[in-house]
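Data block below; observations after.
Just so you know, all these numbers are worked out from the coordinates, no wet-lab data involved. Small disclaimer: the values here were computed from a predicted structure and weren't measured. Methodologically, a virtual Cβ is constructed for each residue, glycine included, from the backbone with ideal geometry; neighbour enumeration extends over all protein chains shown.
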């Protein structure tokens with residue numbers, strides 16, 4: 001068990017720095033050992049160098065990956081980009097996943113630039129500051145941080161009826177009791193047992209209509225500027241003494257496919 005009770009080993013490595021070479025000999029990208037083995041175990045590549053592990057694809061890929069992107073080919077240090085420690089490292093998404101999951105696919109699938117290594121201490125500290133920016137965006141775009149919920153009126157009524165039966169019907173007129181039971185049967189489409197009443201009474205009374213991230217991204221037309229907003233916030237609220245070489249606030253993430 002790692003620091004703060006999280007299941008993060010002290011010596012965890014974020015970057016494997018394995019090299020992936022195209023059949024024509026171009027360095028396409030670096031990856032961790034798990035991904036390198038994925039290619040090797042499927043006979044899609046062969047090892048051409050043990051250290052650092054370098055594999056060469058034996059099929060022609062659709063593109064050359066990060067071949068023309070200096071940052072994507074950089075050797076990444078396994079240390080916190082903020083304080084430099086090499087212990088209890090985590091992956092930090094500079095642009096929070098709650099927004100990125102609503103990016104167009106050609107941007108969402110190319111996020112290597114905005115995943116950085118941070119130790120648990122620095123990560124936890126910055127997330128509290130990131131929460132403040134989320135709140136500001138929530139106010140700007142009328143997007144509650146917890147999302148927008150709606151009440152299912154029919155379900156609310158059925159839950160109320162179930163609770164009435166479970167509490168006991170003493171003092172309630174018989175015709176009203178039968179009406180309540182009839183409404184529950186109609187909802188279930190069958191007769192019911194006590195276990196049905198207990199299950200229904202525990203159902204959530206609200207439905208999440210839209211998440212905070214979805215509401216915000218539906219109103220963002222310039223995604224590149226939105227990404228840079230989060231990058232600037234990150235560097236302004238951290239020491240960032242150990243950022244990878246070629247990491248740039250203005251790096252363009254838009255990919256033409």
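General remarks:
- Measuring nothing but how far apart in sequence close Cα pairs (under 8 Å, 6+ apart) lie, relative to its length, the range 17-71 scores a relative contact order of 40 percent.
- Shape call, the chain: gyration tensor on alpha carbons, a/c limit 1.5: prolate
- Residue with peak Gaussian network fluctuation, the chain [Cα springs, cutoff 10 Å], from 37, 132, 161: 161
- With contacts taken as Cα pairs under 8 Å at a separation of at least 6 residues, the range 147-232 carries a relative contact order of 50 percent.
- In nm, spacing of pseudo-spin labels at residue 209 and residue 132 (7 Å Cα→C-beta vector): 3.1
- In this structure, residue 74 and residue 142 have a Cβ-Cβ separation that, at R0 = 35 Å, corresponds to a calculated FRET efficiency of about 0.30.
- Each of the peptides 19-25, 114-120 was scored by the mean count of other Cβ atoms within 10 Å over its residues; in descending order, highest first, they stand as 114-120, 19-25.
- The range 148-210 shape via C-alpha gyration tensor axes, a/c threshold 1.5: prolate
- 33, 197, 229 arranged by Cβ crowding within 10 Å, fewest neighbours leading: 33, 229, 197
- In degrees, nearest ten, helix 223-236 long axis to first principal axis of the chain (Cα): 80
- Value of relative contact order over the chain, rounded to a whole percent, pairs C-alpha under 8 Å and six or more apart: 21
- The residue 220 and residue 174 beta-carbon pair, evaluated with R₀ = 51 Å, returns a calculated FRET efficiency of approximately 0.30.
- Anisotropy class of the range 17-71 from Cα gyration tensor, a/c 1.5 cut: oblate
- Between the beta carbons of residue 85 and residue 50, assuming R0 = 30 Å, the FRET efficiency works out to 0.55 to the nearest 0.05.
- In this simple spin-label approximation, residue 245 and residue 185 carry label points 7 Å from Cα along the Cα→Cβ vector, and these lie 7.8 nm apart.
- Residue list for the range 153-180, given a label point 7 angstrom along the Cα-to-Cβ vector of residue 194 and an amide N cut-off under 17 Å: 162-170
- Dividing the summed -39500 (n - 2.57) terms of all DSSP H runs of n ≥ 4 by the residue count of the chain sets its mean residue ellipticity at 222 nm at -11500 deg cm²/dmol.
- Centre separation in Å (Cα based) which lies between the range 110-158 and the range 170-223: 26
- Highest average packing first - 97-106, 46-55, Cβ atoms within 10 Å: 97-106, 46-55
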